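Shown next, in structure tokens, is the structure this report addresses.
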Amino acid sequence: MAYNLNPTLRHQTHDYISETMQFQRGKRKVKTKRIQRTSKMKLKHILFYFILLGGIFYAVQQTYLFLISWDKLDVQDVEVVSGKPEIKEEIQRFLEGKSLGNILLLDISLLQEKFTAHRWIKEVRVRKILPSTLKIEAKMRSPIALLKLDDIYLIDREGVLLEKIEKGEKANLPLLIDSNKFQKDQKEKFQLAWECLDSLSPDEKEQIEVLDLTEYENISARLKNCRTTLILGDERFSQKLRLFSKLRSRLERFGELEYVDLRFHDRLYIKPTNNPFQNNIIPSSNKEAF
């Protein structure tokens, strides 16, 4: 069908303006969309799905009740892994004779809380291994030093008192002392002690007998088989110990030394226990620069 899109004008200057423009639909078929009708859900369909869901929930409930009451899932075996045999025995004795019940209902967080309260246990991991095994892995604390309070104790890096050391017992670890018994700045003093020990080689660490932390941000050390106190400050601990070892033979000409102050970069100060030159060299300070 043709449509006249340009009606006739009375006054036209040119003939081509008066020509009518026509538009004609193409010959291809035009696709039409079919309206999709939605089927209405009938009452019987609703009842069917309701009964199906109810059946699923009922089956799940019955399965759960069966599993938590099934004696095959009661904890029968406990496997303990620990780097310290004494702690392994303690855990086994603690669990001995206790009925842990169904493994699915067992609250492992309570067990973990109970075990980590032990002074030697740093972390503990409890795993359930179906059908009836419990595995307990205990990570032990590592003693890093001795701490002198009213008594002497083994301590770890976090400052936890692990064990009291009886008189006569030997532990090849440095002894931390403080004239105020660590009543002030304990955390900072421990941190400085760990920085000192971490910076030392195994041989250097082996030589340390005592670390005195009485002064804030200043460590004084005493070596094994040496009565001289080494004042190390708060840095370059390893370099200062090597310097003392290098100069030790030269310092022996001053006799027995009360201390050697190694805190300064370009010099060190010494104080002989019995100083025959103190009146002539540095009478006011009672110490000598070397």
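Annotations for the structure displayed:
- Pair list, Cβ under 9 Å, 6 or more apart: region 247-260 residue assigned by TED's automatic domain parsing to the domain that holds Gly233 and under 17 Å from Asn225 (Cβ atoms), other residue loosely packed, with under 14 Cβ neighbours inside 10 Å and among the basic types (Lys, Arg): Glu256/Arg227; Leu257/Arg227; Glu258/Arg227
- Against the criterion of being without any contact (Cβ under 8 Å) to a residue 60 or more places away in the chain, in a loop (DSSP other than H, G, I, E, B) and either out of contact with any helix residue (DSSP H, G or I) (no Cβ under 8 Å at 6 or more places or on another chain) or farther than 26 Å from Tyr153 by Cα (or both), Arg267 qualifies.
- Checking Glu137 against (1) farther than 30 Å from Lys224 by Cα; (2) among the acidic types (Asp, Glu); (3) touching a strand residue (DSSP E or B) at 6+ places or on another chain (Cβ under 9 Å); (4) loosely packed, with under 13 Cβ neighbours inside 10 Å, the condition it does not meet: (4)
- Test: residue in region 90-110 that is surrounded by 13 or more Cβ atoms within 10 Å (Cβ to Cβ), of a type in the set (D, E, K, R) and without any contact (Cβ under 8 Å) to a residue 40 or more places away in the chain: yes
- Check on Ile136, touching a residue at least 12 places away in the same chain (Cβ under 8 Å), farther than 30 Å from Gln191 by Cβ and under 20 Å from the mean Cα position of the chain (by Cα): yes
- Scanning region 162-212 for residues that are aromatic (Phe, Trp, Tyr) and surrounded by fewer than 16 Cβ atoms within 10 Å (Cβ to Cβ) yields a single hit, Trp194.
- In this structure, Gly159 qualifies as free of Cβ contacts under 8 Å to residues at least 60 places away in the same chain, surrounded by 14 or more Cβ atoms within 10 Å (Cβ to Cβ) and not charged (D, E, K, R).
- Across region 45-73, the number of residues qualifying as over 30 Å from Ser132 (Cβ atoms) and either at pLDDT 80 or above or among the aromatic types (Phe, Trp, Tyr) (or both) comes to 10.
- Looking only at region 111-133, and only at residues there that are surrounded by 16 or more Cβ atoms within 10 Å (Cβ to Cβ) and of a type in the set (Val, Ile, Thr), the one that is farthest from Phe66 (Cα to Cα): Ile121
- Selected residue (criterion: surrounded by the most Cβ atoms within 10 Å (Cβ to Cβ)) from residues of region 217-263 that are in a loop (DSSP other than H, G, I, E, B) and in contact with a helix residue (DSSP H, G or I) (Cβ under 7 Å, 6 or more places away or on another chain): Leu262
- Conditions (1) touching a residue at least 40 places away in the same chain (Cβ under 8 Å); (2) in contact with a helix residue (DSSP H, G or I) (Cβ under 8 Å, 6 or more places away or on another chain); number of the one not met by Glu123: (1)
- Boolean, Leu223 is aliphatic (A, V, I, L, M) and modelled with pLDDT of 90 or more: yes
The values are calculated or read from the model by the stated rules, or taken from the named source; none is laboratory data. Just so you know, these numbers come straight off a predicted model, no measurement behind them. Cβ coordinates were reconstructed from backbone atoms using ideal geometry, including for glycine residues, and neighbour counts include every protein chain displayed.
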